[in-house]
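Laboratory data are not the source of any read-out in this text; all were calculated from the coordinates shown. Treat the numbers as computed from the prediction; the structure is a model and nothing was measured. Note that we place each Cβ from the backbone using ideal geometry, even for glycine, and neighbour counts take in every protein chain shown.
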Amino acid sequence: MRLFLLLFSLTLMQNLPAQQKAVAASPKTMPVLVIHGGAGTILKSQMTPEKEKAYKAALTEALQKGYDTLQKGGTALDAVETAVRILEDCPLFNAGKGAVFTHEGKNELDAAIMNGKTLAAGSVAGVTTIRNPVSAARAVMEKSNHVMMVGKGAEAFAAVQGLALVESAYFFTEERWKGLQKALEEEAQPSGVVDSAIRHTPSALRQPENRDNKYGTVGAVALDQYGNLAAATSTGGMTNKRFGRVGDAPIIGAGTYANNASCAVSCTGWGEYFIRLVVAKTISDLVEYKKMPLKNAADEVCMKQVPALGGDGGLIALDKKGNIAMPFNTAGMYRGYIKNGKLQISIYKE
Ligand code: ASP
């Protein structure tokens, strides 16, 4: 009888798809999902109750739908893509619809995704017609031999992949348009920043005055039941950017990184500094090679190295044990997670 049962279950196992077999053979990891909706001068004194409610509702939806994906057996990659797509579709955040405007009054979007299990990665930069840039980044990772595609080429690739394309007017929001007008006015002042990318002191870049319009990037990091990590980030970049400026979000290792051997990281903030300090990969290296606890590694880079150079921003990080770090050196950062089935959302400093 026992032998019969054994043979019976072995036959069953043979008919299972590979992923389920792995699950049947090994105990499940408790899934975790962490998201951010950008760091910046987010002050309670400047927030209305309605606005706060709207932000919390959007973050809650992204967390719940992303976590649902994990609970149904989806991968960390599926979860970060799901969560980021929801935030891209929400006009409150500087990604997808609601992205900030360039100097010329356009929306140029950047996004990246990375698989911590295989170190596969994909990203797009400077795209203007792809409704969900994070899905285009995933297509670059999974359907091409490349890691990064930019501009018109990335858009042509997205069209071939059957991804949703939109008229550029789709991304328009009144608030971001006003943000650009304000930035242009400031720029016209004699003390204004002509272009932060080309007029700078040796180590610190010149700080644009429209800090509030700078951030609002979205990102997610996840741990799935198979024990794998993933990260994704999506952004419109910085208000009034020009000359094809690209930030840290789509640069693998700067704004986005995931490695099962260390952690998954998604950043938000003044991208130039995050690129120069290769923030996400540096945190991963501190965890992997220096054996630093995740929180210490994230703090070392975000709370020490970035401000020491003159930059600001924040990040979310997650390791294979489900440890979470969400440091930021700005007034606030939209952020939240679901861990052990419990949802937590915060905006300001605790
Ligand atoms: N990091 C983004 C960039 O520099 C901006 C942001 O986080 O809002 O493009």
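Here region 44-130 is treated as an ellipsoid with the same Cα gyration tensor; its semi-axes, largest first and in whole Å, are 25, 22, 9. In this rough spin-label picture, where each label sits 7 Å from Cα along the Cβ direction, the residue 300-residue 104 distance is 4.2 nm. Proximity of backbone amide H atoms, modeled 1.01 Å from N, is registered between residue 347 and no other residue at under 5 Å, excluding neighbours fewer than 5 places apart on the same chain. Footprinting exposure proxy ranking of 302, 267, 90, fewest other C-beta atoms within 10 angstrom first, gives 90, 302, 267. 3J(HN,Hα) along region 90-97: 8, x, 6, 9, 7, 6, x, 5 Hz, from the Karplus curve 6.51 cos²θ - 1.76 cosθ + 1.60 with θ = phi - 60°, whole Hz, x for Gly and Pro. Put in line by how crowded their Cβ is, counting other Cβ atoms within 10 Å and starting with the fewest, 36, 146, 103 read 146, 103, 36.
How big is the shadow of the Cα convex hull of region 235-350, averaged over all directions, in nm²? Numbers along the way, then the final one.
Working: hull surface 30.2 nm².
Spelled out: convex hull of the Cα atoms, projected over all directions, averaged, 7.6 nm².
The Rg/Rh ratio for region 31-78, using Cα coordinates for both the radius of gyration and the Kirkwood hydrodynamic radius, is 1.11. Potential lengthening of the chain between residue 349 and residue 261 amounts to 28.7 nm, from the contour at 0.36 nm per residue minus the alpha-carbon distance. Between residue 56 and residue 308, the modelled labels are 3.8 nm apart [label points 7 Å from Cα along Cα→Cβ]. Counting other Cβ atoms within 10 Å as a rough exposure proxy, the listed residues 87, 277 run 277, 87 from fewest neighbours to most.
Amide H to amide H, with H built 1.01 Å from N, residue 332 comes under 5 Å of 40, 42, counting only residues 5 or more places away or on other chains.
Over all orientations, region 245-303 has a Cα convex hull whose mean projected area works out to 3.5 square nanometres. Taking the inverse of the mean 1/r over every pair of distinct Cα atoms in region 82-181 gives a Kirkwood hydrodynamic radius of 13.5 Å. Tally Lys/Arg at +1 and Asp/Glu at -1 over every other residue whose Cβ is under 12 Å from the Cβ of residue 344; what's the total? Result for the local shell: +3.
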